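Chemist: Here it is, the structure in full.
The values are calculated or read from the model by the stated rules, or taken from the named source; none is laboratory data. Owing to the predicted nature of the structure, the values given are computational and were not obtained by experimental measurement. Glycine gets a Cβ as well: all are built from the backbone with ideal geometry, and neighbour counts include every protein chain shown.
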Amino acid sequence: MTRPAIYLDHNAASPLLPEARSALVAALDLVGNPSSVHAHGRALRNLLDTARGQVAALAGAERKQVVFTGSATEAITQAVVGGAKAFAASTIVISAGEHAAVAKAAEATGLPVVTIGLLRDGSIDLDQLAEVLQHAAGNLLVCLHWVNNETGVVQNIARINALVGPTPHTLFIDAVQAFGKLPLDFAASAPDMMAVSGHKIGAPAGIGALLVKAHADVVRLIPGGGQEQGRRGGTEATALIAAFGAAAAAIAGRYAAAGVPALTARLEAALPPDAVVFGGERLGNVTNFAVPGIKNATAMMGLDLLGLSVSSGSACSSGKVGPSHVLAAMGIADALAECALRVSLGWNSTTDEVDAFVAGYRSILERHRARQGRRPDRQQQF
């Protein structure tokens, strides 16, 4: 199968950084187990220690606070399912815009789940959160995202910290889409736990991390040996971890170097006047928009035939194309939500790629309107 010529789905997975590829290949040449005390084991242990420091530096965390996992989903499940047990939570609090990994983990605890709504601009209704906290009975495990994976909306993390931090309740933040794009200061901030991912920043898939404060060391999910200071059993995937560390060290300046926010602004300026862009304050690499009358399934099929890879939202929805639960929570009507496309840019995105998307989408839209017997007036042109 020929690879798509242009990849504009970085929120699903970002292409492998050269530095991560080099670290991965080099680590694959090593043999042994990082828990072994002989020279081969110590060499692998040194790779783990280096990568732990690199991930910690990008997250504003201490080395000892980084627990490597097999994915961000595993990290989230450890935080939610393991955290609910460790902290004797009576209720899980999530938002209506959470990734399926958080929502499903909350459901798996078997505890009551309170869902905080989203406002029209995609932000979490923090007044509702404040009310829930004020009237809480028992221990709450509050699980919220920093940046929405579908809309790119940046949540008011400072107010979330201020609301939950002074309480006895536990706060977990899904920072997967924020990691490498926004400054994180885990060690000095309120969250007790935070999840990050490798393949969102240019590392291979199959590696993530849970950041934990000292009192959250008791949070467990996978029993086993003493790996990860006893916090996650199983021999560490050293090559993937080395690549994760290399990506964390390399990604910091790549978004600025690629001019990603300016590319996103260029794309949005080229959308037709009747396009609706969803979300208020957004991270500068995501455009989630809809043009009424052309469903996302139709547009994505046409774009794919042109070698342009975009999405309609989360890649973790079993390949389904249809209305988004995030847009629904924002009060967007199904008829418009069914037209939504997500274009997400990253460290290797270019002006030519953005312009190719604009041209490709324009051609699909014009053909669709012609088939529907609708001739766009001048104000509907790109």
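Chemist: Tally the residues that are over 20 Å from the mean Cα position of the chain (by Cα) and of a type in the set (Gly, Ala, Ser), restricting the search to the range 11-64.
Modeler: So the count comes out to 12.
Chemist: Looking only at the range 105-130, count how many residues are of a type outside the set (Val, Ile, Thr), under 19 Å from the mean Cα position of the chain (by Cα) and crowded, with 16+ Cβ neighbours inside 10 Å. Let's see the steps before the verdict.
Modeler: Going residue by residue through the range 105-130, those that are of a type outside the set (Val, Ile, Thr) are 105-108, 110-112, 117-123, 125-130.
Remaining after also requiring under 19 Å from the mean Cα position of the chain (by Cα): 105-106, 118, 121-123.
When the remaining residues are screened for being crowded, with 16+ Cβ neighbours inside 10 Å, the result is 105-106, 118, 122-123.
Qualifying residue count, the range 105-130: 5.
Chemist: Would you confirm, using the coordinates I've provided, whether Val277 is of a type in the set (A, V, I, L, M, F, W, C), free of Cβ contacts under 8 Å to residues at least 40 places away in the same chain and touching a strand residue (DSSP E or B) at 6+ places or on another chain (Cβ under 7 Å)? First the steps, then the outcome.
Modeler: On the way: of a type in the set (A, V, I, L, M, F, W, C): yes; free of Cβ contacts under 8 Å to residues at least 40 places away in the same chain: yes; touching a strand residue (DSSP E or B) at 6+ places or on another chain (Cβ under 7 Å): yes.
Here the answer is yes, as Val277 does meet what is asked.
Chemist: Among the residues of the range 272-294, what is the count of those that are surrounded by 19 or more Cβ atoms within 10 Å (Cβ to Cβ) and either modelled with pLDDT under 95 or part of a loop (DSSP other than H, G, I, E, B) (or both)? Give the steps one after another, and end with the answer.
Modeler: Quick first cut of the range 272-294, residues surrounded by 19 or more Cβ atoms within 10 Å (Cβ to Cβ) only: 275, 278-279, 282-283, 285-291, 294.
Among the residues that remain, those that are also either modelled with pLDDT under 95 or part of a loop (DSSP other than H, G, I, E, B) (or both) are: 275, 278-279, 283, 285, 291, 294.
Number satisfying all stated conditions: 7.
Chemist: Given the conditions (1) part of a helix (DSSP H, G or I); (2) among the hydrophobic types (A, V, I, L, M, F, W, C); (3) at pLDDT 90 or above, report the number of the one that Trp347 does not fulfil.
Modeler: (1)
Chemist: Can Ile76 be described as closer than 30 Å to Asn288 by Cα, at pLDDT 95 or above and over 19 Å from the mean Cα position of the chain (by Cα)?
Modeler: Working: closer than 30 Å to Asn288 by Cα: yes; at pLDDT 95 or above: yes; over 19 Å from the mean Cα position of the chain (by Cα): no.
So Ile76 does not fit the description; no.
Chemist: Just need a number here: residues in the range 215-231 that are in contact (Cβ under 8 Å) with a residue 60 or more places away in the chain and either aliphatic (A, V, I, L, M) or closer than 17 Å to Ala84 by Cβ (or both).
Modeler: Filtering the range 215-231 down to residues in contact (Cβ under 8 Å) with a residue 60 or more places away in the chain leaves 216, 218-222, 225-229, 231.
Narrowing the set further to residues that are either aliphatic (A, V, I, L, M) or closer than 17 Å to Ala84 by Cβ (or both) leaves 216, 218-222, 231.
Going through the range 215-231 one residue at a time, the tally reaches 7.
Chemist: State yes or no: is Thr151 hydroxyl-bearing (Ser, Thr, Tyr), surrounded by 20 or more Cβ atoms within 10 Å (Cβ to Cβ) and either in contact (Cβ under 8 Å) with a residue 12 or more places away in the chain or not assigned by TED's automatic domain parsing to the domain that holds Ala61 (or both)?
Modeler: Details: hydroxyl-bearing (Ser, Thr, Tyr): yes; surrounded by 20 or more Cβ atoms within 10 Å (Cβ to Cβ): yes; either in contact (Cβ under 8 Å) with a residue 12 or more places away in the chain or not assigned by TED's automatic domain parsing to the domain that holds Ala61 (or both): yes.
Against the criterion (hydroxyl-bearing (Ser, Thr, Tyr), surrounded by 20 or more Cβ atoms within 10 Å (Cβ to Cβ) and either in contact (Cβ under 8 Å) with a residue 12 or more places away in the chain or not assigned by TED's automatic domain parsing to the domain that holds Ala61 (or both)), Thr151 qualifies.
Chemist: Identify the residue in the range 227-285 that is hydroxyl-bearing (Ser, Thr, Tyr) and in contact with a Pro (Cβ under 9 Å, 6 or more places away or on another chain) and, among all such residues, is farthest from Ser363 (Cα to Cα).
Modeler: Step one: of the range 227-285, the residues hydroxyl-bearing (Ser, Thr, Tyr) are 235, 238, 255, 264.
Subsequent filtering for residues that are in contact with a Pro (Cβ under 9 Å, 6 or more places away or on another chain) retains 235, 238, 255.
Values: Thr235: 51, Thr238: 46, Tyr255: 29 Å.
Among those residues, the one meeting the criterion is Thr235.
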